[in-house]
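The values are calculated or read from the model by the stated rules, or taken from the named source; none is laboratory data. It should be emphasised that the depicted structure is a prediction, and the values quoted were computed from it without experimental measurement. We place every Cβ from the backbone using ideal geometry, glycine too, and count neighbours over all the protein chains shown. The accessibility values were calculated without ligands, DNA or RNA, using every heavy atom of the protein model including side chains. Shrake-Rupley method; radii C 1.70, N 1.55, O 1.52, S 1.80 Å.
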Protein chains: 2
Amino acid sequence: MDIVSLTPHGRRLTALLVRADDPREKERWALPHDVPRRDETIDEAAVRIERAALGAPPGLLEQLAAFGDRRRHPSNAHVSIGYIALVASGSDGPVADQAAWYPVDELPAIAPRQRSIVEAAMQAIRARLDQSPIAFRLLPPTFTLSQLQEIYELLLGRRLHKASFRRALHASWLVEPTDEWRSEGRGRPAQLFRYAPRRRRGSRRGVRFEGVSGSLGG
Amino acid sequence: MDIVSLTPHGRRLTALLVRADDPREKERWALPHDVPRRDETIDEAAVRIERAALGAPPGLLEQLAAFGDRRRHPSNAHVSIGYIALVASGSDGPVADQAAWYPVDELPAIAPRQRSIVEAAMQAIRARLDQSPIAFRLLPPTFTLSQLQEIYELLLGRRLHKASFRRALHASWLVEPTDEWRSEGRGRPAQLFRYAPRRRRGSRRGVRFEGVSGSLGG
DNA sequence: ACGAATTAGTCACAAAGTGCGACTAATGTC
DNA sequence: GACATTAGTCGCACTTTGTGACTAATTCGT
């Protein structure tokens, strides 16, 4: 099992790496990984591994996929189960010994299978961004809408229009305002919001044919 | 590894089950399953298991997820990797010995973990319907647009409006007409189409907050 | 032969959703 | 007090979507 822990660091997304167990290994860093014990579920194992590396439980932990190509893995396991962990930007302080955050687009040498897991994690995050409260788990409990928009722009890799973003957010009933305001130095103070999803009237839209093109196994 | 093979049978979706290895088992049927060999990737293992059960390679085979709760599995394995196989409706003829198609909403007794894998497969199919050419792999190489719409309605569990469906399909450039027509008894003959995705101008829409509500691990 | 029934396919319009420029608001800086 | 800076809203053109009503081509019944 391999965990891809992500947290925003400034304007970049960073992943948590730990030093390789064996210093003679070719790759000096690795994703936190371990084998599930007999008495735990894989979700429980993921929590345990993440706690060991991060020192605290993550804001969200969800399964990515299983990886069983022939690429090398630090444990030489035949198959890995990848998990994505999201850590709020405020809580990215001290991590475990022998661990460090690296920008996801500038990782040091890690085992090939782990690199492909990180790449798959980034793709999955973009794909699930509108299905799962991913962006909110990368922020502290209360945040400004500009912060939220920045996270979306970071994950999507493109700029969003302020008015459209807020209109869509309002229509979705995902956040509610607090009565606190933050002044971040210069400029007008921003209202703080919290993630508080409400029941929405199911819109029941028609069919979409979004990303369909080709596929494996045809 | 467990394979959920699906094919439409009339107006219902059916899954392929095989007789349990051990007749003393509580559940007499099971999803096709096996352990990957040392020299094969998990994708290769999935193809092998599916061929053994179906007698032919499926139209599409993609990974679902890993399942490692404590529920019972015929092999007593600690974790299962679920795969989804899609079989065209034309080719659902003879299957391997000791195998049969059952409607997914009326499965006989199978191991609890396998039942949850089937349920997860159905959810994943609905979620990926607009990302992956799922519907096309449940149909023969050429098909009418009404057949295609029927598949979508079967998978989504609701009726779609004919004009909207066709408009969206045309805009997506996923199908091209052949010069054949099929007359299916009564009514006007329908033109046959084939799945032939073309490069589309990327629409780059704004953000959607579709299915975000709650989640695990908070 | 001819009309009803049946299935395929299209059109047009109202309603809803989206992109985006331009505006107002509240703060710090000089 | 003017100005830079960030927050937040408005309005409008344009696009997308839901839907009913239409036309088209065939079989079936009499």
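Descriptive notes on the structure:
- Top-ranked residue in the stretch B:174-201 [being surrounded by 11 or more Cβ atoms within 10 Å (Cβ to Cβ), modelled with pLDDT under 95 and more than 10 Å from DNA strand C (Cβ to nearest atom); ranked as nearest to B:F136 (Cα to Cα)]: B:P197
- Selected residue (criterion: farthest from B:Q114 (Cα to Cα)) from residues of the stretch B:12-46 that are without any contact (Cβ under 8 Å) to a residue 24 or more places away in the chain and within 14 Å of chain A (Cβ to nearest Cβ): B:D39
- On inspection, B:I134 passes the criterion of being touching a helix residue (DSSP H, G or I) at 6+ places or on another chain (Cβ under 7 Å), open to solvent by less than 50 Å² (accessible area, probe 1.4 Å), modelled with pLDDT of 95 or more and away from DNA strand C (no atom under 16 Å from the Cβ).
Listed here are the residues, each with its yes/no results for (1) in a helix (DSSP H, G or I); (2) in the same structural domain as A:P189 (by TED's automatic domain parsing); (3) within 19 Å of A:V104 (Cβ to Cβ).
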{"position": "A:P133", "(1), (2), (3)": "no, no, no"}
{"position": "A:Q147", "(1), (2), (3)": "yes, yes, no"}
{"position": "A:E150", "(1), (2), (3)": "yes, yes, yes"}
{"position": "A:R159", "(1), (2), (3)": "no, yes, no"}
{"position": "A:A163", "(1), (2), (3)": "yes, yes, no"}
{"position": "A:R167", "(1), (2), (3)": "yes, yes, no"}
{"position": "A:H170", "(1), (2), (3)": "yes, yes, no"}
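- If you go through the stretch B:176-203 and pick out every residue that is within 10 Å of DNA strand D (Cβ to nearest atom) and charged (D, E, K, R), you end up with 4.
- Residue list for the stretch A:75-95, restricted to those being open to solvent by less than 30 Å² (accessible area, probe 1.4 Å) and within 12 Å of A:S5 (Cβ to Cβ): A:G82, A:Y83, A:I84, A:A85, A:L86, A:V87, A:A88
- Scanning the stretch B:36-65 for residues that are assigned to a helix (DSSP H, G or I) and either of a type in the set (A, V, I, L, M, F, W, C) or touching a strand residue (DSSP E or B) at 6+ places or on another chain (Cβ under 8 Å) (or both) yields a total of 10.
- Candidates in the stretch A:137-146 are the residues that are buried (at least 21 other Cβ atoms within 10 Å of the Cβ) and within 16 Å of DNA strand D (Cβ to nearest atom); of these, the one that is nearest to the other protein chains (Cβ to nearest Cβ) is A:L139.
- All positions within the stretch A:1-38 that are at pLDDT 95 or above and of a type in the set (D, E): A:D2, A:D34
- Selected residue (only one of B:R72, B:R113, B:R128, B:R48 is buried (at least 22 other Cβ atoms within 10 Å of the Cβ) and among the basic types (K, R)): B:R113
- When the test is whether a residue is away from DNA strand C (no atom under 15 Å from the Cβ), open to solvent by 10 Å² or more (accessible area, probe 1.4 Å) and within 11 Å of chain A (Cβ to nearest Cβ), B:A171 does not pass it.
- Scanning the stretch B:92-116 for residues that are in a loop (DSSP other than H, G, I, E, B) and either in contact (Cβ under 8 Å) with a residue 60 or more places away in the chain or among the aromatic types (F, W, Y) (or both) turns up B:D92, B:V95, B:A96, B:Q98, B:V104, B:D105, B:L107, B:P108, B:A109, B:I110, B:A111.
- Residue list for the stretch B:137-168, restricted to those being within 16 Å of DNA strand C (Cβ to nearest atom) and closer than 17 Å to B:S5 by Cα: B:L139, B:P140, B:I151, B:L154
- Candidate set from the stretch A:66-91 (those that are of a type in the set (G, A, S) and either without any contact (Cβ under 8 Å) to a residue 12 or more places away in the chain or in a loop (DSSP other than H, G, I, E, B) (or both)); member that is nearest to the other protein chains (Cβ to nearest Cβ): A:G68
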